[in-house]
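Everything on this sheet refers to the single structure shown next.
The values are calculated or read from the model by the stated rules, or taken from the named source; none is laboratory data. As the structure is a computational prediction, the values presented were derived from the model and not from experiment. For neighbour counting, all protein chains shown are included, and Cβ atoms are generated from backbone atoms with ideal geometry for every residue, glycine included. Heads up: the accessible areas ignore ligands, DNA and RNA and are worked out on the full protein's heavy atoms, side chains in. Shrake-Rupley method; radii C 1.70, N 1.55, O 1.52, S 1.80 Å.
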Amino acid sequence: MQVELRQIHKRFGTNHALKGIDLSVQAGTIHGLVGENGAGKSTLMKILTGYLTRTEGRIFLDGGEVDNADPASAARNGIGMLYQEPQDFPPLTVLENFMVGRDTEPDPDRNRQRRRLLELADQVHFSLDPDQKLDKLTVGERQQLELLRLLGRGVQVLILDEPTTGISDRQKARLFEALRQIRDQGRTILLVSHKLEDVVALCDRVTVLRHGRVTGAEDAPFNVPGLLAMMFDAPPANDTHRQSLPAGEVLLSFEQVTAEGERTGLQDCSLDINQGEVVGLAGLSGSGQGLFLRLAAALLKPATGRIQLRGVPMDLKDHRFFKGTGGVFLPADRLEEGLIPGFTIQDHFALASNSNMAAARVSATEAIVRFRIRGEPDTPVESLSGGNQQRLLLSLIRLESSLILLENPTRGLDVESARWIWENLRRQFIRRGAIVFSSAELDEILEVADRVLVFYDGNIVRDLHINELDYQDVAAAMTGR
Amino acid sequence: MNELPLAVLLASVLATATPLIIATLGETITEKAGVINLSLDGSLLLSAMVGFVVGYETGSFLLAFMAAAATGASVALLVGIYGIYLGQLQVAVGFALTLMCKDLAYFLGNPYSRLQGPQMISWKIPGLSEIPFFGPVLFQQPLTVYAGLLLIPAIWWYFYRTARGLELRAVGENPQACYTRGIDPRRKQILYILIGGALVGLAGAAFSLGIKPGWGRPQGIEGIGWIALAIVIFGGWHPVRVALGAFLFALLQVGGISLQNIWTAIPAQVFQVAPFPLMILALVLVNMLEHKSIQRWLEHRPGLAQLLDKLKGDPPRALGKTFHPD
Amino acid sequence: MSRINRYLADTLLILVIVVVFTSLLLLLVGASPHEAFGHLISGSFGSWSKFSRVLNVWIPLTLCSIGLLYAFRAGLWNIGVEGQVVLGAIGTVGVLRLGIDSGYPMVTLFLAMLAAAALGGGWALVAGWLKIRGGVHEIFAGLGLNFVAMGIVLWLIFGPWKRPGIASMSGTEVFPRELWFPTLEGWRVSPYAIGIAILLILATSWILNHSRFGLNLKAVGHNPRAVVLFGLSPQRYLLIAIIISGALAGLAGGLQVSGIYHRLIPAISSGYGYLGLLVVMLANFRLLPIPFIALFFAALNVGSIQLPMMMQLDSSLSGVIQGACVLSALLVFGIRHLRSRGPGN
């Protein structure tokens, strides 16, 4: 099915997110949609599926105009989307998840649906147990299920939003294979991604968005520097000069720490983190990195083993003590766990610094300038963009801090912002202390860290200095090979 | 103890439990779809009053129950409109309605206070009611008891064996995902809040035309609505376990009346309120099972752990949260 | 439209909806709305004696409401206020009983008030503890404790504290006059109690809106997970908030005993705990409107007392009007919420 979008506009309040997008996608192709964060890729796709209403613009399928006012009508027109956040029901079983939906005529016969699910899975070489509860599945498997469901509904246009985030390399290979197969059946695929390697590997044609406008398009084979130039105002520089400092005193030490949580738990973890180190925690999401950081920040207690902070056992200490010794922890979920929705930037400074409102206003104003936060002291944090929320969190770190724990600090940020953040962090804190961070992107870890810990299934399977590190080996270790 | 008093006791537990079962199952349906109707204590009373008044005026049980169901559904609809379409806290609206419906019931029902009205009589199922022991317990009851008992498997079957029931559970878990799949979660929620509310209304009439016949201030069912809400949690949002919770409460109530005769030193009033905190205490105990140290202790007792795992249920994940498309 | 104008417009709109609704209801039962509203007004503001009764309701209702505000700031639904009022009353009666023959009535009264606050706060602490340790939602913990408190009162009235001779629902024996809260000549309400209420309103205003504690408490209410990272213990703030809430409710219960009933009765709380929740909701969880709304509600409560006698109507009309106020307020807030979601949606 051929898809054509004409002059699509979307406004969120005063924010003009899409400024007249034209896009044409040929039937039987995989079409990539790339651009930095906030370029408008997901918004455009959600408009195509009817999840968001458009402010202006028209949609044509095979030359005929359609309305796509809501997901149901888009689905009837043959459009299905694999959302970035899984749109499924964790407490229900795989089969039940497969069955829920009225985007086409629902079939209540469990046995028939079970056969259909297994049949479809077989076609694209996925293996799923229909009676397993969904919350026991990995993100990759949940995605596979959703893909099967969409195929089962006979989608003609399949949209995938960042499908390779959080899944293993093996799952990714299998997904790509399935997508090529689907394309060869004559269906149309739209792939939204900020990972150029995925787009290059899979797509027949790519459209680039920037700041809500189309800045270019290209057919395979792709000229990567050219794509980068269309994505960013200036191509990101690749030179990162890093010199490792000699390791200083031990800041944090884990002795045979075992803990529960995050599905995998953390098993028998022993290591020291020294002053002057930038430590990257690699691994598929949810392999124990988050648990490690929360244990280190004294937000959780280990089941067995011992954690020491500057030589002080943490058994009976809490996060206040951790903060008192110069520790900082920034969680990945900024609005859920890091900031206080409803509070302004200034309120956050008052809360963080124990100062009065007047002093907080001064520090907020300073931080806004220094960290280039797009907002005012009175701006409520929930109306800041993700990147600006992250800058705010970073600006709240006290200068005298010495142990900085960061969970996916650049998640959802574009390359430029990420680079700016890392430069700042290194400059400010590395001489005084250590930075420990987790990231879903191996490239980022290799670019930033001096030392890499690889997590797999709750174990630290590699502990390597950057100089002795082999990319293939780390990638393999992450997936348990 | 000989056979007969036990049979009488059990029959009375069953009769006491049924209205509560109907109300808790109604609330289970509503909450399973992701909406909390906190107004139960008031809407039970209001529909009890409406049921009694309509029954008194028309002499028709059918009209009385229909009017009560409509009352329960209307109150529930208010919770739905305020919570789902007007973006107000479901708990806040429900609470305000609880108090208001209660006063409305007293105010409008005032002229009908202490009047002799219709009362449901037991309906002996021919043949079955002759069975010794089981006959009097199970088969010599008012119609509402049979209806309440049939409702348990019916709702279980609807939840877990039908496509619509699957959708109902899906909406309570993740309305947004339902929306992406072409199900309008808000319409579903309104539908199930209406059905749940209607059941609550029927329960109200089952009180005022059955086990607490008549109308007055106080009517004698004040507080039951709150217990119904607690039982839904206690039963882990599962229709069968919820019904068992209702039985347990009825047992406590009926048992209390018997104990009253044994311990005469304790004022009777204490026995009347005792089942309420006991029910909450049971809720506390179920929740305590979640505690880490108990979980660790259970690790070495897999059999018990499995049993307890069956006892507790997870709330629908979207419970009380309202979904807005775009 | 300026903010004040908007509040006035909202208030007017809410009142119109309520008056129309109530009139329809009265017509439904064949009563004259004009006459009913007349009785409500004359029954509450008709004379100083009636108005002083209104103030007697206003004081405990306001205390319960501002107490609830602390709990709401921390994100807690302290539905257990009823029980906390009752426990406060029990504490007061307990101390007063002990102090009957002490010869120091003022000291006894003071200690009785302290006991009221302590027992109310302690009772609230149980609900808070159940929430934090037992994972029981505070609504159900609070309700359960309300029932328990009811049981304790009944047990005391019919058991250990029963009147010599006859134990009855009319309560325990009335205390001697020197253990009543002092009033002025011709007043039914104690000026001390009014003073206490006003002081507590002012203190709450400062604590919630200008103190560091208030800011922290609000943060805990908005995002308990995030405040941990700011070095605050959400559990501690939740407990402190609910204790303050309970202490204020307990104080209300104490004033019910020492200022109004001078004995323990089964309905000692007069439902002010539940009514306080409505007051706070109608105030949209802000402090400033609370005293005024509480006054309005108190007037309704007192004014409706004569409805049964004069018009053969049930006095629960006041509760219907109060509920209607909250529902229409939520309607107005809800429509504003819909509008703010912007055109096109």
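Quick rundown of the values:
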item	result
Any hit, the stretch C:71-83, residues being more than 22 Å from B:L38 (Cα to Cα) and either open to solvent by less than 20 Å² (accessible area, probe 1.4 Å) or in a loop (DSSP other than H, G, I, E, B) (or both)	no
Listing of helices (runs of 4 or more DSSP H) fully contained in the stretch C:257-342 that carry 1 or more residues being of a type in the set (V, I, T)	C:272-282, C:290-303, C:317-340
Residue among B:I193, B:I125, B:I155 that is of a type in the set (V, I, T) and either open to solvent by 30 Å² or more (accessible area, probe 1.4 Å) or within 14 Å of chain A (Cβ to nearest Cβ) (or both)	B:I125
Cβ-Cβ under 7 Å pairs, at least 6 apart or on other chains, the stretch B:314-326 side more than 10 Å from every other protein chain (Cβ to nearest Cβ), far side of a type in the set (D, E) and open to solvent by less than 30 Å² (accessible area, probe 1.4 Å)	B:L319/B:E31
Check on C:G253, in contact (Cβ under 8 Å) with a residue 24 or more places away in the chain, within 14 Å of another protein chain (Cβ to nearest Cβ) and closer than 19 Å to C:V95 by Cα	no
Helices (runs of 4 or more DSSP H) (entirely within the stretch C:138-229) containing at least 3 residues that are within 14 Å of chain B (Cβ to nearest Cβ) and in contact with a Pro (Cβ under 8 Å, 6 or more places away or on another chain)	C:138-158
Close pairs (8 angstrom Cβ cut-off, 6 or more residues apart or separate chains): farther than 22 Å from C:A283 by Cβ and facing another protein chain (nearest Cβ under 8 Å) in the stretch C:311-323, among the β-branched types (V, I, T) and open to solvent by 10 Å² or more (accessible area, probe 1.4 Å) anywhere	C:L313/C:V29
Some residue of the stretch A:382-405 being more than 21 Å from the chain's Cα centre (by Cα), over 15 Å from C:F230 (Cβ atoms) and within 13 Å of chain C (Cβ to nearest Cβ)	no
Flag if C:A31 is small (G, A, S) and modelled with pLDDT of 95 or more	no
Residue among B:L89, B:L46, B:L97, B:L77 that alone is more than 13 Å from C:L330 (Cα to Cα) and either open to solvent by 30 Å² or more (accessible area, probe 1.4 Å) or facing chain C (nearest Cβ under 9 Å) (or both)	B:L77
Residues located in the stretch A:21-43, provided they are assigned to a strand (DSSP E or B) and more than 15 Å from A:V208 (Cβ to Cβ)	A:I30
Verdict on C:I305 being more than 9 Å from every other protein chain (Cβ to nearest Cβ), within 22 Å of the chain's Cα centre (by Cα) and open to solvent by 40 Å² or more (accessible area, probe 1.4 Å)	yes
Selected residue (criterion: least open to solvent (accessible area, probe 1.4 Å)) from residues of the stretch A:331-348 that are in contact with a Lys or Arg (Cβ under 7 Å, 6 or more places away or on another chain) and facing chain C (nearest Cβ under 7 Å)	A:E337
Long-range neighbours under 9 Å by Cβ, at least six apart or interchain, first residue more than 14 Å from every other protein chain (Cβ to nearest Cβ) within the stretch C:274-297, second small (G, A, S) and open to solvent by 20 Å² or more (accessible area, probe 1.4 Å)	C:L287/C:S205; C:L288/C:S205
Pick from the stretch C:324-339, criterion surrounded by fewer than 19 Cβ atoms within 10 Å (Cβ to Cβ) and more than 9 Å from chain B (Cβ to nearest Cβ), ranking: nearest to C:R53 (Cα to Cα)	C:V332
Matching residues, the stretch A:349-378, being buried (at least 17 other Cβ atoms within 10 Å of the Cβ) and at the interface with chain C (Cβ under 8 Å from one of its Cβ atoms)	A:A350, A:L351, A:A352
Residues located in the stretch A:315-329, provided they are in contact (Cβ under 8 Å) with a residue 60 or more places away in the chain and at the interface with chain C (Cβ under 8 Å from one of its Cβ atoms)	A:F329
Check on A:V157, out of contact with any helix residue (DSSP H, G or I) (no Cβ under 6 Å at 6 or more places or on another chain) and surrounded by 21 or more Cβ atoms within 10 Å (Cβ to Cβ)	yes
So B:L168, is it within 14 Å of chain A (Cβ to nearest Cβ), open to solvent by less than 50 Å² (accessible area, probe 1.4 Å) and within 24 Å of the chain's Cα centre (by Cα)	yes
Out of C:A283, C:A267, sole residue that is open to solvent by less than 20 Å² (accessible area, probe 1.4 Å) and on the phi < 0 side of the Ramachandran plot	C:A283
Matching residues, the stretch A:436-461, being without any contact (Cβ under 8 Å) to a residue 60 or more places away in the chain and either closer than 17 Å to A:F254 by Cα or of a type outside the set (D, E) (or both)	A:V461
Test for B:L252: is it in contact with a Lys or Arg (Cβ under 9 Å, 6 or more places away or on another chain) and either among the hydroxyl-bearing types (S, T, Y) or open to solvent by less than 70 Å² (accessible area, probe 1.4 Å) (or both)	no
